[in-house]
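The values are calculated or read from the model by the stated rules, or taken from the named source; none is laboratory data. Bear in mind the structure is a predicted one, so any value in this text is a computation, not a measurement. Quick reminder, even Gly has a Cβ in these numbers, built from the backbone with ideal geometry, and neighbours come from all protein chains shown.
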Amino acid sequence: MREVDTVTNEDIRRALLSVRPDDAARARMLGHIRAAAALEREKAPPPRRRWRRGVLLAAALGAAAGLTAAVAAYETDFFGLWRTDLGRTELEIPKVEADGGITYRVEERERISLQGLAGTPEHQASREWEDFLEQYDPDGTLLEAVGNGPTGISDAYDAYLCYTPEMAEKIDGICAKYGLRLLGPATVEEDVRTLFARTGTGDVCAGSGSNTPWSGYWYRDGTFLFEGAVEQSGGTVDYQFSRAVKGSFGSTPLYLSGIEDYEQWSYTTENGVELLLANDHASKALIIADRERSFVTVNVLGDWSAGTFQMSDRDVEDFAEAFDFTAVP
Amino acid sequence: MGPDLSTDGELTDIYNRQVDAVYRVCYAFMKNPADTEDLVQETFLKLLTSGRRFDSQDHERAWLIVTASNACKDALKHWWRRREDLEACQAQAPPFEVDGVLSAVLALPDRYKDVVYLHCCEGYSTPEIARLLHCPQSTVRNRLARARRMLEKSL
């Protein structure tokens, strides 16, 4: 490191301008983009990277226009994290080794539903789909056969990452069984305020404090997910906000080390919305709201720049006040 | 009117115009060539599927930079992504020299990087960055000031 008194814009500009792809990387990226563009023009799904079961399980978020919304009855005594549980599973965790190779280790994780509480059609559907995925194509033979090519499956099933017609048929069966609708294709939105407008919701980031949403995606029924950060206690707490509209079939679980690791408590916001808060004091906190027409989960990731997760229960309550949950009925 | 990406030629034109800037932004966040290439591709695919039209090449460039920045933030925090994977990725050697200033810039917290890049490398003013990133001007000013202090301290 050199000794300097000040760093000028020119120093930074010069350093950043030295970053550039070499010719091989430039050609490689263009080739992949052109291949994906060709597929897009044929109305086929673009090539997918790193098809692994862990990614497949995590990538889709469910729902479609819902009419079966069970009216939210807040039963605080029974509204615990365990009511979102989908059971434990083994997950392949990718790790890039020092030599650039990728290895996978298998770890057990708890899955919780982002779609609804146990007993609801949304939760039952998620569990049935998870059970199906557990036993389907266990050695990845079918996935390997499909590769990065087009699957020929309608974009109505995009949210579930089906790669065989059999998987799409299973989705149809689950939807029929539980009276749910497909989510359909997602729309990526760089401006989250536009996302709110498109989904007919209010500004959920208009709570107290500085809450900056980054970007997200939404479905035609009003289901959405976006990410952002809240300035709090001298740091920046990153989060992911998921809203799953009831009556739709969403399939994305959230993975936890174990529900028993979480301290849980009920909390009522200053504007009267009842929440379940959970904090494992080690890696993340969760905020869950069972609203009349949707099920809301906020995955609180903490301040990444701090290196460790450091949020007290009071911090989590203050964080919850940075949102206006009345904006997402 | 911006490019219509309905032909390979138009797509290649915009790629050749903007790939260096998009690559720089993605590398600043991802800090390894493999993930950077993934995110560059993702950014151009977002452009392709967005149907965006731009008033000028400056507008096109700004959109790509902000989209790349957001895509990287998303990738770094997706549900399944784990911090140790990213750190292990950094062992891959980049195709360019990483000097002290660049190392210090790469070590900045992620939330400062897009602001620093847009200001120092692209020459945007504080109000322009605030509009691009949809955040208050005070936030941009604070982040630039904090980033500069961190850089001076680390160097």
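Can we say A:S257 is within 19 Å of A:D191 (Cβ to Cβ), surrounded by 15 or more Cβ atoms within 10 Å (Cβ to Cβ) and either under 22 Å from the mean Cα position of the chain (by Cα) or basic (K, R) (or both)?
no
Restricting to the range B:130-155, give me the number of residues that are farther than 28 Å from A:E189 by Cβ, assigned to a helix (DSSP H, G or I) and at the interface with chain A (Cβ under 8 Å from one of its Cβ atoms).
Going through the range B:130-155 one residue at a time, the tally reaches 4.
Read through the list (1) over 11 Å from the mean Cα position of the chain (by Cα); (2) more than 8 Å from chain A (Cβ to nearest Cβ); (3) closer than 19 Å to A:R20 by Cβ; (4) surrounded by 20 or more Cβ atoms within 10 Å (Cβ to Cβ), then give the number of the only condition that B:D13 fails.
So B:D13 meets the others, but not (4).
What number of residues within the range A:146-181 satisfy the criterion of being under 23 Å from A:W129 (Cβ atoms) and either touching a strand residue (DSSP E or B) at 6+ places or on another chain (Cβ under 8 Å) or polar (S, T, N, Q) (or both)?
The total comes to 6.
Return yes or no: is A:P213 within 14 Å of chain B (Cβ to nearest Cβ) and farther than 30 Å from A:V316 by Cα?
So A:P213 does not fit the description; no.
Here is a yes/no grid of residues against (1) modelled with pLDDT of 85 or more; (2) at the interface with chain A (Cβ under 7 Å from one of its Cβ atoms); (3) at positive phi:
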position	(1), (2), (3)
B:D85	no, yes, no
B:A91	no, yes, no
B:A104	yes, no, no
B:D114	yes, no, no
B:Y117	yes, yes, no
B:C120	yes, yes, no
B:G123	yes, no, yes
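In the range A:185-200, how many are surrounded by 18 or more Cβ atoms within 10 Å (Cβ to Cβ) and within 24 Å of B:T139 (Cβ to Cβ)?
So the count comes out to 5.
Here is a yes/no grid of residues against (1) assigned to a helix (DSSP H, G or I); (2) surrounded by fewer than 19 Cβ atoms within 10 Å (Cβ to Cβ); (3) under 19 Å from the mean Cα position of the chain (by Cα); (4) in contact (Cβ under 8 Å) with a residue 24 or more places away in the chain:
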position	(1), (2), (3), (4)
A:E169	yes, yes, no, no
A:I174	yes, no, no, yes
A:L183	no, no, yes, yes
A:G216	no, no, yes, yes
A:L225	no, no, yes, yes
A:A229	no, no, yes, no
